[in-house]
Each structure stands twice: as structure tokens, then as C-alpha cells.
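Here the structure comes first, spelled out in C-alpha cells, and everything after it is commentary.
All of the numbers you see were taken from the coordinates with simple rules; none came from a lab. The structure displayed is predicted, hence computed values, not measured ones. All Cβ positions, even for glycine, are placed from backbone atoms using ideal geometry, and neighbour counts span all protein chains on display.
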Amino acid sequence: MLKKTFTPKRTICKVTFSIPVEWAENSVQLVGDFNDWDKESDSLKKKKDKWEVTLRLKPENEYRFKYLIDGEKWENDDAADKYVANDFGSEDSVVEVGK
């Protein structure tokens, strides 16, 4: 799930990425264009009923991303703005950050 909140001057968009707690047992990494697909950069934290992390992204951009579940399984976001084909024969989630 994606939740977008702009700063007052709209220079930054805080995007909260979350998935249901049932999707993962031990860890969830958010991997995408915004962190050069670094598997160690952005970890989701386990909350009551979900895994969650908030990133500050630049407006007027699109970012491809995926979740790495428990270090071995790649998943897309069920609520992504769109999906695009990747070089591995599957699709990536996309978050669109408007103006």
C-alpha cells in the first residue's frame, strides 16, 4: 500500500510503503530506483498489522520498486500506481509522485 503526503511547499513527498504483516516472517526490504536497488538500504519495520517504511521522494518523478521478503522472495505492491515490465521477465511496481 502507498500513502503520499507532500511537504507544505511541495518540494518533497513523504511516501509510506506498507504490506500486510502476513507477507513476511522476518524481514522486508524496499528496493528500487530511489536507492539504486540496494537490498540493504531501506528496511520496513514491523508494526501491529503491517510492515512499513516512509521515504522522502522528489516530486514529478516515477520510481520502480519491489519488496524483498525474508531475503529471498520478490513481491510487488498490490496498490502500486502502475506496473512495468522488467529485464527479468516479470514486472516492477511503480510509484508516481506528482506535483
**Message:** 5 Å is the cut-off here: which amide hydrogens, built 1.01 Å from N in the peptide plane, fall below it relative to residue 12, excluding neighbours closer than 5 in sequence?
**Reply:** 7
**Request:** Return the long-range amide H neighbours of residue 74 (sequence gap of 5 or more, or a different chain), with a cut-off of under 5 Å between placed amide H atoms.
**Result:** 69
**Asked** Short version: ³J(HN,Hα) in whole Hz for each residue of the stretch 37-45, in order, from phi by Karplus 6.51 cos²θ - 1.76 cosθ + 1.60 (θ = phi - 60°), x for Gly and Pro, what are they?
**Response** 6, 7, 5, 9, 6, 10, 9, 7, 9
**Net charge over other residues, Cβ less than 9 angstrom from the Cβ of residue 99 (K, R count +1; D, E count -1)** = 0
**Message:** What value in Å³ per residue do you get for the convex hull of the alpha-carbon atoms in the stretch 42-92?
**Reply:** 115 Å³
**Message:** Using 19 Å as the Cα-Cα cut-off, could you pick out the over-long pairs in 39/99; 46/82; 3/45; 3/82; 3/73?
**Reply:** 39/99; 46/82; 3/73
**Prompt:** When only DSSP loop residues count, what GluC sites (Glu not before Pro) in the stretch 1-53 have their Cβ near at most 10 other Cβ atoms within 10 Å?
**Reply:** 25, 40
**Request:** Scan the stretch 1-93 for chymotrypsin sites (Phe, Trp or Tyr not before Pro) in coil per DSSP, keeping those whose Cβ has at most 10 other Cβ atoms within 10 Å, and list them by number.
**Result:** 88
**Sites matching trypsin sites (Lys or Arg not before Pro) across the stretch 1-75 that sit in DSSP coil, with at most 11 neighbouring C-beta atoms within 10 Å** = 9, 10, 47, 48
**Prompt:** Residues in the stretch 36-65 near a label at residue 12, defined as backbone nitrogen under 14 Å from the 7 Å Cα→Cβ point?
**Reply:** 54-59
